[in-house]
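One structure is given below, encoded as structure tokens.
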Amino acid sequence: MSAPTTVREPMTKTALRAATDLGYKSFTAGKFTFERDEYFAHITFPGGRHIMAVDAFLRALMRDVAWGFFYGTVNFDNVFGTGNHYGTVERVAGLFNKAYKDANRHYVEKFQSKDLKATFEAMLDDWTNEGFDPFAAPEETGRPFGPKKGNNTAAVQRQRVVAQRMVGIKGDTPHRSDAAGFPVNRQFVDVPQDEPEIHAEPGFEGEVHAFNLYGYLSRSDVTWNPSVCAGVKDSLMCPTTEEYILPIIHGNDRVEWFIQASDEIIWDIDDKNTGAPVAKVTMKAGDVAAMPANIRHRGYSPKRSMLLVWENNDGRLPSMYAKQELKPYPVEF
Ligand code: PHB
Ligand code: FE
């Protein structure tokens, strides 16, 4: 079959007018346009158009914004996403999709990260209705559909926890408590809340620290949001609580380690560039996995679970993997 010679108009005039009548703003970033209606996000780019369910779109957009485009690629689905070049960011349509690539129908445009982030933040704020929290599990939030109704600015501007040394150290990001507005989640009521005793040698009182990570995570009010809870140089411990589906499909530009700290997550692992299926991985409490540098992955957590994501923040890694100076996996058995 030959490629179509005409490109359809992005949306019909009637649909466009309806979108505006619903009260939502439309956005442009370079040659991309973004519109939302009651159920969908509509994206156009030179040579194509794309559609996504608006709940899935907002959940993905929330992560992309809050994580500053994350490591590697943030695929909103198998067509649309961003590629982080740390300072600049590429907006991609079909770049990591074999059919688009083979038909030469993909489109890529580069932005200054701060400019695209500003557009995304404005879109997220305008398109998120009152009562819908894109960071919350679907069971714990309202619906995003329908005409524009208020907003949820406090939720979409949440700052990700980034500890400089460790949660709870003097001057660093604090513990969570009822008093601070972080009650224990409904699915973690069985998690012990006692804190470890610290007996430091004289003179080392300010240097030794420990806290109950399970207790801390049981009080997380968000899902699928790895947060830096301890850091030593480039070694970042990013635990997170998961429920339902990871809203993005993450394409790695380095190896990431996963430690399943409670319950169970099932992962789809696909080829980073083509999206071809590579593996299904079921991780049960206590399982450890190294996610290779040449894959994309998406997790499914049937019940709220705890996952420790261990990131290597060394900025030299992406080009070393891209040039194949390093193997895409960290161990050989
Ligand atoms: C990942 O892509 O590695 C990832 C992202 C968010 C999570 C967990 C894992 O909550
Ligand atoms: Fe990942």
Subject >> Subset tally (residues that are surrounded by fewer than 15 Cβ atoms within 10 Å (Cβ to Cβ) and either in contact with a strand residue (DSSP E or B) (Cβ under 8 Å, 6 or more places away or on another chain) or aliphatic (A, V, I, L, M) (or both)) for the range 92-102 >> reply: 1
Original post:
Which of the residues belonging to the range 30-53 are of a type in the set (K, R), in contact with a His (Cβ under 8 Å, 6 or more places away or on another chain) and surrounded by fewer than 21 Cβ atoms within 10 Å (Cβ to Cβ)?
Top reply: R49
Original post:
For the range 179-211, which residues satisfy the criterion of being under 16 Å from G168 (Cβ atoms) and touching a residue at least 12 places away in the same chain (Cβ under 8 Å)?
Top reply: F182, Q193, D194, E195, P196, I198, G206, H209, A210, F211
**OP:** Among the residues of the range 67-111, write down those that are acidic (D, E) and within 16 Å of ligand 1 (Cβ to nearest atom).
**Re:** D77
**OP:** Run down G168, G181 and say which single residue is over 21 Å from the mean Cα position of the chain (by Cα), in a loop (DSSP other than H, G, I, E, B) and exposed (fewer than 13 other Cβ atoms within 10 Å of the Cβ).
**Re:** G181
**OP:** Collect the residues in the range 91-114 that are free of Cβ contacts under 8 Å to residues at least 40 places away in the same chain and over 21 Å from N78 (Cβ atoms), keeping them in residue-number order.
**Re:** K110, Q112, K114
Original post:
Wholly within the range 218-285, which strands (runs of 3 or more DSSP E) include no fewer than the required count, namely at least 1 residues that are surrounded by 20 or more Cβ atoms within 10 Å (Cβ to Cβ) and more than 9 Å from ligand 1 (Cβ to nearest atom)?
Top reply: 230-232, 235-245, 256-260, 264-271, 277-284
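Any read-out appearing in this document is the output of simple, stated calculations on the displayed coordinates, not a laboratory observation. Just so it is clear, the structure is predicted and the values come from calculations on it, not from any experiment. Every residue, glycine as well, gets a Cβ built from its backbone with ideal geometry; the counts of neighbours run over all protein chains shown.
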